[in-house]
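Asker: Have a look at this one.
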Amino acid sequence: MALTVIKVIPKPTNNPPLLLNLEPFGTNYVVSSSGNNTTSSLQTQKLANVYNKQFGYEPGVKTVYLNNKSIDESVGEYLIKEGEASIGDYNNLYMIAASFLQMNSSLNVTALFNDQSYHTPAVTLNAMDNTLLQYYMNDSYMFNTINYPLPASIKDQIYDSLNLDFQGFTIAFNVLFGMAFLSSSFVVFLIGERAVKAKHCQVSLIVHFSIALFIHLYSPHRK
C-alpha cells in the first residue's frame, strides 16, 4: 500500500510555463473607457474597441465598456464603486482594465491591474501591447507572452526534497499503521480467554492431573 501511495502522490517538479492571459482566472470582467465628452475622440474609441475585441477569444472573460453603458465616470471610479460593494468579488472578478483619453493633442493610454495576483502586471501590459499592435497593423497580429520559470536550482531541489517529498513519511506511516493493527489483534485472544475463563479451566485441569498423577505414582497400594 505504501508503494502504491508513493506512485500516486505527485512529486516536486519544475513549474510549468504559463500563458499570460485571463483564462487561468476564470470568469472575469475587463473594464475600459474611451473618455467622456471632453476626453473622447475617434482614436480613443477605436483603441477601446480593439482592446475589447481581443478578449472575445478567451472563455469566461466579459468586457465592460463604460461608454456603451452611458456611465459618466472614469474606470478608476467604476472600479472603486465595485470594490466598495464587495471586495471579495472585486478581487476575483476584476483583474485588469484600461482607459484611453484624448488630452488635447496627446493620447493618454492607461493600463490598470489588480495587485492581488502576481501575474496581472504582465497580463495587462501584454493586452495593451496587443491593442497598440493591432491598432497600427491589423487583428491578425498578436503577442503571446509566456512566463517560463527557470529550472530549479540545487538549493531549491534539496528544499523540495526535504519539505515536499513525503516518501519516507508515507512508508513509515503505513508500516506503523499496519503494525498497530497487527499488535492489537493479539489482545483479542487474551480478552477472549479471560471472558470465557479458558485459562482458569486450563490451570484447574493441570492441577487436577498433577494430583492424580502424584497419587498414582506414590500410592502404597501400587505394585
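Asker: Within 10 Å, count the other beta carbons around each residue, average over each peptide in 177-184, 24-31, 124-131, and list them highest first.
Answerer: Peptide ranking by packing, descending: 124-131, 24-31, 177-184.
Asker: Label 7 Å along Cα→Cβ of TYR141; region 12-45 residues with amide nitrogen under 20 Å?
Answerer: It comes to 43-45, nothing else.
Asker: Moving on. Going by the alpha-carbon gyration tensor, a ≥ b ≥ c the square roots of its eigenvalues, is region 18-147 rounded (a/c under 1.5) or, if a/c is not under 1.5, prolate (a/b greater than b/c) versus oblate? Let's see the in-between values first.
Answerer: Working: a/c = 1.84, a/b = 1.10, b/c = 1.68.
Note, shape of region 18-147 comes out oblate.
Asker: What residue among ASN130, VAL75, ALA97 has its Cα farthest toward the positive end of the dipole of region 18-147, where the charges are +1 on Lys, Arg and -1 on Asp, Glu, each on the Cβ?
Answerer: Going by the Cα projections, it comes out as ASN130.
Asker: Based on the alpha-carbon gyration tensor of region 55-117 and its eigenvalue square roots a ≥ b ≥ c, which shape applies: rounded if a/c is under 1.5, prolate if not and a/b is larger than b/c, or oblate? Provide the component values of the computation, followed by the final result.
Answerer: On the way: a/c = 1.70, a/b = 1.46, b/c = 1.17.
It is prolate, given that a/c is not under 1.5 and a/b is the larger ratio.
Asker: Could you check the spin-label model distance between ALA195 and LEU125? Points 7 Å from the Cα along Cα→Cβ, value in nm.
Answerer: 7.3 nm
Asker: Okay, next question. Residue separation times 0.36 nm, minus the C-alpha to C-alpha distance between GLN157 and THR4: what's the value? Each step should come with its number before you reach the end.
Answerer: Working: separation 153, 0.36 × 153 = 55.08 nm, distance 2.35 nm.
Here the answer is 52.7 nm.
Asker: Okay, next question. Among 38-45, 135-142, what's the highest-first ranking by average C-beta atoms within 10 angstrom per residue? Show your work: numbers first, answer last.
Answerer: Values: 38-45: 14.5, 135-142: 10.5.
Ranked by mean Cβ neighbours within 10 Å, highest first: 38-45, 135-142.
The numbers here are math on the coordinates, done by the rules we state, and not lab data. Treat the numbers as computed from the prediction; the structure is a model and nothing was measured. Positions of Cβ are generated from backbone atoms using ideal geometry, with glycine treated the same way; all protein chains shown enter the neighbour counts.
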